[in-house]
1. Mind listing whichever residues of region 1-13 are of a type in the set (A, V, I, L, M, F, W, C) and closer than 14 Å to residue 102 by Cα?
2. Return the total of residues in region 49-75 being assigned to a loop (DSSP other than H, G, I, E, B), in contact (Cβ under 8 Å) with a residue 60 or more places away in the chain and in contact with a His (Cβ under 8 Å, 6 or more places away or on another chain).
3. What are the residues in region 57-86 that are of a type in the set (Gly, Ala, Ser) and touching a Gly at 6+ places or on another chain (Cβ under 9 Å), if any?
4. If a residue has to be surrounded by fewer than 15 Cβ atoms within 10 Å (Cβ to Cβ), part of a helix (DSSP H, G or I) and not small (Gly, Ala, Ser) to count, how many in region 5-48 make the cut?
5. For residue 55, which of the numbered conditions (1) exposed (fewer than 15 other Cβ atoms within 10 Å of the Cβ); (2) within 17 Å of residue 132 (Cα to Cα); (3) among the charged types (D, E, K, R) fails to hold?
6. Can you tell me which residues in region 118-150 are touching a strand residue (DSSP E or B) at 6+ places or on another chain (Cβ under 9 Å), under 14 Å from residue 2 (Cβ atoms) and of a type outside the set (Val, Ile, Thr)?
7. If a residue has to be without any contact (Cβ under 8 Å) to a residue 12 or more places away in the chain and touching a helix residue (DSSP H, G or I) at 6+ places or on another chain (Cβ under 7 Å) to count, how many in region 76-126 make the cut?
8. Hey, can you tell me all the residues within region 95-142 that are surrounded by fewer than 13 Cβ atoms within 10 Å (Cβ to Cβ) and either modelled with pLDDT under 90 or assigned to a helix (DSSP H, G or I) (or both)?
Amino acid sequence: MRLTNLLQPELIKLDLENQSKVAVLEELISLLAAANRIKDQEGFTRAVLDRESQRSSGIGRGVAIPHARNEAISQPSIALGRSREGIDFEALDHGPVHLIFLLATPLNAGADHLKALARLARILRHPEYRQALLDANTKDEIIKIIEEAE
């Protein structure tokens, strides 16, 4: 499974409107709902927020990868949000988060979920890819950067 199969232009928000962690997660979940990737938006929101309450998905270096497996997901997807100002995501390094990759997978797709998480983490540990994603001007540029990184 390639990350670019999970991330489509309609699932990318170049300039997030919200500044709080919960509001940003809801904003990204709304993208998934608008693209018909979620059967139960409320249920999936609860699953993501429950997962976040256990441990923050802010992995450091300006990146967060919130994720949940849930029966409300119709197909594996990634919604990406970018914040130039940065958001307090309670990251491991205590820094602001600028790139949020929300991974949503069906309940029965555990292996795909783990593979996607690992691929994202592997790509995002490289400062040049993180910077390229921050500098991208269009959704297509974002997808191309991820495609090249894979």
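1. First pass over region 1-13, keeping only residues of a type in the set (A, V, I, L, M, F, W, C): 1, 3, 6-7, 11-12.
Passing the criteria: 3, 6, 7, 11, 12.
2. Filtering region 49-75 down to residues assigned to a loop (DSSP other than H, G, I, E, B) leaves 55-57, 61-62, 65-66, 70-72, 74-75.
The next check asks that each one be in contact (Cβ under 8 Å) with a residue 60 or more places away in the chain; those that pass are 61-62.
Going one step further and asking which of them are in contact with a His (Cβ under 8 Å, 6 or more places away or on another chain), we end up with 62.
Qualifying residue count for the region: 1.
3. Here is the first cut: in region 57-86, the ones of a type in the set (Gly, Ala, Ser) are 57-58, 60, 62, 64, 68, 72, 74, 77, 79, 81, 83, 86.
58, 60, 62, 64, 72, 86 - these are the residues of region 57-86 that are of a type in the set (Gly, Ala, Ser) and touching a Gly at 6+ places or on another chain (Cβ under 9 Å).
4. So the count comes out to 6.
5. (2)
6. 120
7. 0
8. In the first step, residues of region 95-142 are kept if they are surrounded by fewer than 13 Cβ atoms within 10 Å (Cβ to Cβ); the result is 108, 110-111, 118, 122, 126-128, 131, 135, 137-138, 140.
The answer is 108, 110, 111, 118, 122, 127, 128, 131, 135, 140.
The values are calculated or read from the model by the stated rules, or taken from the named source; none is laboratory data. Since we're looking at a predicted model, the values are computed, not measured. Every residue, glycine among them, receives a Cβ derived from its backbone with ideal geometry; neighbour counts consider all protein chains shown.
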